[in-house]
Amino acid sequence: MSTHSFHLSDPYLFESELSEDDRMIMETAREYAQTKLEPRALKGNQEEMFDISMAKEMGELGLLGATIDPKYGGVGASQTAYGLVAREVERVDSGYRSFMSVQSSLVMYPISIFGTEEQKERFLPRLASGDIIGCFGLTEPDHGSDPGSMTTNAQKTDGGWILNGAKMWITNSPIADVAVVWAKAKESKEDKPVIRGFLVEKGMPGFTAPVTKHKMSLRASSTGELVFEDVFVPDANVFPDIRGLKGPFMCLNSARYGIAWGAVGAAEFCYEKSRQYVLDRKQFGHPLAANQLPQTKLADMLTDITTMQMLAWRLGKLKDDGRDHHAMVSLAKRHNVGKALQIARVARDMHGGNGISGEYRIIHHVVNLESVNTYEGTYDIHGLILGREITGIQAFVPKG
Amino acid sequence: MIHFYVCLKQVPDVYAPLQIKDGELIQDSGRMVLNAYDASALEEALVLTEKHGGKVTAVLAGPEKAKETLRKGLAMGADEGVHIVTEEGSAYDSLYYAGLLAAFFRDKEYHFISCGKQSQDTDAGLTGSMLAQLLELPYATNAVGLTLEDNRLLVKRQGDHGQEMIELPSPGLVTCSNDMNEPRIPSLKGIMQSKKKPVETIQASSLTGDGIRSVTTLLGYEEKPKREPGQKFEGDPEELAITIAGLLDSKENLM
């Protein structure tokens, strides 16, 4: 037998490989998530409520846009640290992680990469502190996996642009002060439209953000639409140089990386709860854990979690070293969320009737991960991204 | 300018799963954390110096790997750190640490030393008092509230019969309960800045003085003995009362 102990939630000891900075940031995120977020997650899910004070709490701790330059309110944390924060927040709830991911990767990141100096100074520090909230508009009612066919459009006018169209399934939209919106822009009527990014602010005439009702998933975060009816967006609120789908895809790539980590946290929660549950619950005079089926289920969960941890950790290192490729992110997002969803479903099963009760929090993870498996590139679309890399042939557009 | 020294200890995460195998304690997670009582002591020192001005120095005696816990203290807001580096894997007792800290403090100037009232791993609750004795300092234990008035510390302490107010002159020592505050979570900014704060490293072997010795020996760890199952009595209340009174008299000798 080994002289070392077997770590029950980090079997290959990846946490011991983290830098001191990254580990300390992880500890802060864990402490915050467990003491401040977990106590609110049951109510948030059951009553479909996002507690907006979380934005400022996360901002005060520096959890929003942590990788951004300190000049604009970030702390210049590593990509690994950003991923570790996502893991800790999603250990509590994918909805809270969605809020954090959107603010960090889909709003602060594009402003910091594509924005003018004035836009950076105007928005980033307040987004970092949580004083204002952002959202990201790409998906439309009729255009999900195929955003290139979007119909939201912008027409040049004096001093700005006139925006028309609608976006759907937008995390944070009803509570957002600023929306990063991607639309097909035309300088003149005859121009070929090109996708550009706009910073649409709450209160601009013609801009509304209705709440999406009857969600059965991600109920602890706020989701809505973005509707533009002849919204005038001044030139000062347009990203100057970025053109085409590259812009939104760079943002999504950053967010998807965080999701690959977040899924680890959700899966770890489900596994740890299931382990405790089968040890505590006795049937036929013995703990459930004394049976072969629960044992192999736990073994499968831990094996999958270990591979998920290895992928996320290695991908973080590759990003920190500047050696990442978008297909690496697709591989990790697809694998980790797919496995997390399977683990959550098995955990639901292992909890028996209690698995459907919000009290045990397993069912929240199950229904949340159904969304996470779909958003930011569905499981199958990431398969096609990988397939294109592997074969050199794109299969997004059917050839039938 | 008030100067606090706060003593910190790194302890195993007591909420993580633990096992005992062949008399050895095995931590499944291997996670080490800042002792929660020390975190409260640090929080209170930070609150007082933020309000009245002053300086907080965090002192940690522990092995090399414990420096991460000292850094947490700096990330929370301590101005500077001292790491007294002890040998890895040694089972020192409270007197050893008190002796070590006393040797360190002997030639230092300060207003107050603040410690957690005990540590979460052994729950001995001895080091603070022993340190005060070795340094011949006035001290108060189990503080649940601290107020600063003209360089005197008003200590609200939880005594056996209720809360007591003690006025502690400077220099003095206080040990803190975790009931007095909710220690702040270090912000990411604090974590990044903590790298730049000064940390003095002292080898434990370079400190000399009375009391730097362990007087107890750790023989091994054992599981807590299993509790005997209780007895259940059913029936007529009057008869039950007579039966139970009889048992309390004959078995427990309480009557």
Could you calculate the FRET efficiency of B:LEU154 with B:GLN27 from 1/(1 + (r/R0)^6), where r is the beta carbon distance between them and R0 is 45 Å, rounded to 0.05? 0.70
Enter the accessible area of A:THR296 (Å², nearest 10), with the probe set to 1.4 Å and all protein chains included. 80
For chain A, what does the helix formula give at 222 nm: sum of -39500 (n - 2.57) over DSSP H segments with n ≥ 4, over the residue count, nearest 500 deg cm²/dmol? -15500 deg cm²/dmol
Starting from the 7 Å offset along Cα-to-Cβ, what nm value, one decimal, do you get for the label separation of A:LYS202 and B:GLU167? 5.3
Using Cα-Cα distances under 8 Å and only pairs 6 or more residues apart, what relative contact order does chain A have, in percent? 17
Would you kindly find the accessible area of B:THR127, with a 1.4 Å probe and non-protein molecules such as ligands, DNA and RNA excluded, rounding to the nearest 10 Å²? 40
Sorting B:GLU222, A:GLU370, A:GLU47, A:GLU140 by accessible area (1.4 Å probe), largest first, what list results? B:GLU222, A:GLU47, A:GLU370, A:GLU140
Say the dipole of the stretch A:274-329 comes from +1 at the beta carbon of Lys and Arg and -1 at that of Asp and Glu; which of A:LEU302, A:HIS286, A:GLY316 then lies farthest toward its positive end? A:HIS286
Using only Cα atoms, figure out Rg for the stretch B:168-247 and give it as a multiple of 2.2 N^0.38 Å. 2.37
For chain B, set up a Gaussian network in which alpha carbons nearer than 10 Å are linked by springs, and say which option among B:GLY172, B:GLY53, B:GLY116 fluctuates the most. B:GLY53
All-pairs alpha carbon distance profile, the stretch A:1-127, 5 Å steps from 0, percent: 2, 10, 19, 20, 16, 13, 9, 5, 2, 1, 1, 0, 0
Residues of chain A: accessible area per residue with a 1.4 Å probe, Å²: 42
Provide, as a two-decimal number, the C-alpha radius of gyration of the stretch B:94-145 over 2.2 N^0.38 Å, N being how many residues it has. 1.10
Can you work out the base-10 log of I(q)/I(0) for the protein assembly as shown at q = 0.09, 0.11 1/Å, using the Debye formula on its C-alpha atoms alone? -0.87, -1.14
Counting all Cα-Cα pairs in the stretch A:225-314, those more than 17 Å apart amount in percent to 68
To the nearest 20 debye, what charge dipole does the stretch B:120-255 have about its Cα centre, counting +1 at the Cβ of each Lys and Arg and -1 at the Cβ of each Asp and Glu? 1160
At R0 = 45 Å, how high is the FRET efficiency between A:VAL194 and B:VAL199 if r is their beta carbon distance? Nearest 0.05 is fine. 0.25
If amide hydrogens are placed 1.01 Å from N in the peptide plane, which non-local residues have theirs closer than 5 Å to the one on A:GLY137? A:VAL180, A:VAL181, A:TRP182
What GluC sites (Glu not before Pro) in the stretch A:187-222 are in a loop by DSSP, with at most 15 other Cβ atoms within 10 Å of the Cβ? A:GLU187, A:GLU190
Rounding to the nearest 20 debye, state how big the charge dipole of the protein assembly as shown is about its Cα centre with +1 on each Lys and Arg Cβ and -1 on each Asp and Glu Cβ. 1980
Globularity ratio of the stretch B:64-173, using Cα Rg and 2.2 N^0.38 Å: 1.13
Could you state how much accessible area is buried at the B-A interface, both sides summed, with a 1.4 Å probe, in Å² to the nearest 100? 2000
In the stretch B:2-206, with Lys and Arg counted as +1 and Asp and Glu as -1 at Cβ, which of these residues, B:LEU148, B:THR86, B:ILE26, has the Cα nearest the positive end of the dipole, that is, farthest along it? B:LEU148
Largest first and rounded to whole Å, the semi-axes √(5λ) derived from the alpha carbon gyration tensor of the stretch A:216-366 read 40, 21, 9
Please label the shape of chain B as rounded, prolate or oblate, based on the square roots a ≥ b ≥ c of the eigenvalues of the alpha-carbon gyration tensor (a/c under 1.5 means rounded; beyond that, a/b larger than b/c means prolate, else oblate). prolate
Of all accessible surface on the protein assembly as shown at a 1.4 Å probe, what whole percent is carbon and sulfur? 52
Excluding residues on the same chain fewer than 8 positions from A:LYS333, give the lysines whose Cα lies under 24 Å from its Cα. A:LYS167, A:LYS215, A:LYS246, A:LYS273, A:LYS297, A:LYS317, A:LYS319
For the stretch A:389-400, in residue order, the Karplus 3J(HN,Hα) values (coefficients 6.51, -1.76, 1.60; θ = phi - 60°; whole Hz; Gly and Pro = x) are 5, 6, 9, x, 10, 7, 10, 5, 8, x, 9, x
Using a simple charge model, +1 on the beta-carbon of Lys and Arg, -1 on the beta-carbon of Asp and Glu, nothing else, what dipole does the stretch B:2-206 show about its Cα centre, in debye to the nearest 20? 680
Order by accessible surface, 1.4 Å probe, largest leading, for residues B:LEU146, B:LEU18, A:LEU384 comes to B:LEU18, A:LEU384, B:LEU146
Expected field for A:TRP169, accessible surface area in Å² at 1.4 Å probe radius, rounded to 10, holds 150
With unit charges on the beta carbon (Lys/Arg positive, Asp/Glu negative), name the residue among A:SER145, A:PHE123, A:ASN172 whose Cα is farthest towards the positive pole of the charge dipole of the stretch A:119-173. A:PHE123
Placing one identical point scatterer on every Cα of the stretch B:1-127 and ignoring solvent, what is log10 I(q)/I(0) from the Debye formula at q = 0.15, 0.18, 0.19, 0.23 Å⁻¹? -0.69, -0.97, -1.07, -1.50
Need one word for the stretch B:123-229: rounded, prolate or oblate. Basis is the Cα gyration tensor (sqrt eigenvalues a ≥ b ≥ c); a/c below 1.5 gives rounded, then a/b vs b/c decides. rounded
Could you tell me whether the stretch A:348-394 comes out rounded, prolate or oblate from its Cα gyration tensor? Rule is a ≥ b ≥ c as square roots of the eigenvalues, rounded for a/c under 1.5, then prolate if a/b exceeds b/c, otherwise oblate. prolate
Please compute the length gained on full extension between A:ASP321 and A:HIS143, using 0.36 nm multiplied by the number of residues separating them and subtracting their Cα-Cα distance. 60.6 nm
log₁₀ I(q)/I(0) of the stretch B:5-68 at q = 0.19 Å⁻¹, via Debye over equal Cα point scatterers, no solvent, to two decimals? -0.79
So how much slack lies between A:ALA299 and A:MET49, counting 0.36 nm per residue of separation and subtracting their Cα-Cα distance, in nm? 86.5 nm
Cα coordinate range in the stretch A:290-400, projected on the principal axes (Å, largest first): 48, 39, 26
What value in Å³ per residue do you get for the convex hull of the alpha-carbon atoms in the stretch A:171-286? 155
Sequence neighbours fewer than 8 away in the same chain don't count; with that in mind, list the lysines whose C-alpha is under 21 Å from B:LYS156. B:LYS51, B:LYS117
Let me know the volume per residue of the alpha-carbon convex hull for the stretch B:34-76, in Å³. 60
Sorted by average packing, counted as other Cβ atoms within 10 angstrom per residue and highest first, what order do B:176-183, A:222-229, A:202-209, B:153-160 take? A:222-229, B:176-183, B:153-160, A:202-209
If exposed chymotrypsin sites (Phe, Trp or Tyr not before Pro) are those in a DSSP loop with at most 15 other Cβ within 10 Å, what is the longest stretch of chain B that has none? B:16-220
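The values are calculated or read from the model by the stated rules, or taken from the named source; none is laboratory data. Computed from a predicted model, the values in this text were never measured in an experiment. Backbone-built Cβ (ideal geometry, glycine too); neighbour counts: all protein chains shown. Accessible surface areas use protein heavy atoms only, side chains included; no ligands, DNA or RNA. Shrake-Rupley method; radii C 1.70, N 1.55, O 1.52, S 1.80 Å.
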